[in-house]
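Please read the structure below before turning to the comments.
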Amino acid sequence: MIRLCIWMNIPSHHQSPFFQALEKRKDVDLKVIYLNGGSNERAIEGWCDNHNYHSFEHNAYGLSLISSVDVLLPDWTARIHLISSNFASDLIDFFCQKGVPWCHWSEMPGIRLAELLGYRVSLFRLLNPLMLLCKRGEGRRIRKYALGAFVQGRLARKAFSLMGVQNSKIVDLFYAPESLKPMVACEQIVKFAAGRRVFLSVGALCQRKGVDDLLKAYSRLNTAEWCLVLCGVDKLDGQYKALSDKLGILDRVLFLGAYPSDRIDEVYAAADVFVLASHFDGWGAVLNEAASVGLPLIATNMCGAAWHIIENGKNGFRVKAGSVIDLAEKMRIYLESHHFIKEHGRCSQNLFFQEFTPDRNAERLVTALNGWMLQ
């Protein structure tokens, strides 16, 4: 029996199905503790702000990190703690001092650096290795005290290696939202598309998500047979609408706005191809969602999930982040070869159910912990 406590910053509908998959296993005794309540920013983006807590979940909001251990988890010394230094470094130090087993779990580091650099990909690639060298102290702590580091895929694995964590202590553990349910397509999208095929992107409209690249790439297609739908809160006060107008595509782009997460199925149901043009995405759970409903996927090489949920040429394409030309070329493939839409979509769905379900992720976690504990 693995007695496990997972420490999270805030509740997330992308993570809850994974936790439920762990909780139902007979070889896991699970507790999940959230250090904060819901996020106002996430609520604006469509996330449900009233999390439905299960019996294994607790909220430490209002408690100090250390006091939350004794108050919410009396048997904390007997558990393995899954935790990230991004929001709980002091608590990790406490576990190290007490000799309590713990594991790191996070996406690739670098979001703050990327933001500071204005999400200029070439500059980030140049400076990120230096930033990671400065984090070797964190890597040393993992190497010396942790059972291991769970990471969100290939990009994170490379980063933690540069931080000095040995490969034997690094294991993939992804975001694993549940598959979306078949729904009636969003009426607003259907009406706007008016028989045209739909490129869909889901996520906040901001510089990090490469929305300007996507608009420019779509404009290069010069097609009246496809439209573009952007689902997400506008964080730049209409700048992307202005850009669409300048590019002459405003009548072919639907700015849907934020959509309730418990109805997001409707949005995907109206799409033909999913596109994520991010300049930095630690994972990108929207790719899981799109794959689960059988959509072809296009995403940049700066999205963690693109290295795992996309098999180039089989269910979509990975493109160079920041390259409008590369993005437009891959989008054009679906304009010129309609048969790829169903073929790639079917492969996306098969891959999701083989490797990216909550149950598969729970198995991945348990296997890794059992292996580390035997070392």
In nm, the gap between the two label points placed 7 Å beyond Cα toward Cβ at Ser64 and Met183 is 4.4 nm
Report the extension gain between Leu133 and Ser161 in nm, rounded to one decimal, defined as 0.36 nm multiplied by the number of residues separating them, less their alpha carbon distance.
9.1 nm
For Arg3, what residues show an amide H to amide H distance below 5 Å, using hydrogens built from the backbone and excluding near sequence neighbours?
Asp29, Ile80
For Arg154 and Arg332, FRET efficiency with R0 = 30 Å and r from the beta-carbon atoms, rounded to 0.05?
0.65
Each label sits 7 Å from Cα toward the beta-carbon; between His339 and Asn36 the label points are separated, in nm, by 5.1 nm
Please give the contour-minus-distance gain from Ser55 to Glu355: 0.36 nm per residue of separation, less the Cα-Cα distance, rounded to one decimal in nm.
105.3 nm
Using each residue's phi in the stretch 362-372, evaluate 6.51 cos²θ - 1.76 cosθ + 1.60 at θ = phi - 60° and report the 3J(HN,Hα) Karplus result to the nearest Hz, with x for Gly and Pro.
4, 4, 4, 5, 4, 4, 5, 5, 4, x, 5
Kindly write out, for the stretch 12-18 in residue order, the coupling ³J(HN,Hα) from the Karplus curve 6.51 cos²θ - 1.76 cosθ + 1.60 (θ = phi - 60°), rounded to whole Hz, with x marking Gly and Pro.
8, 5, 6, 9, 3, x, 5
Note the listed values (i) 77, 51, 41; (ii) 64, 43, 37; (iii) 60, 47, 42, then indicate which one is Cα extents along the principal axes in Å calculated from this particular structure.
(ii)
Rounded tilt (10° steps) of 136-145 against the dominant C-alpha axis of the chain:
50 degrees
Once phi is turned into ³J(HN,Hα) by the Karplus curve 6.51 cos²θ - 1.76 cosθ + 1.60 with θ = phi - 60°, what whole-Hz value does each residue of the stretch 79-84 show in order, with x for glycine and proline?
10, 8, 10, 9, 7, 10
Between 0 and 90°, nearest 10: helix 339-355 axis offset from the chain longest Cα axis:
10 degrees
Modelled label reach - Lys24, point 7 Å along Cα→Cβ, the stretch 360-374 residues with backbone N closer than 13 Å
360-363
Least to most buried among Trp307, Trp102, by other C-beta atoms within 10 Å and fewest first, runs Trp307, Trp102
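Just so you know, all these numbers are worked out from the coordinates, no wet-lab data involved. These figures come from a predicted structure and were not determined experimentally. Cβ coordinates were reconstructed from backbone atoms using ideal geometry, including for glycine residues, and neighbour counts include every protein chain displayed.
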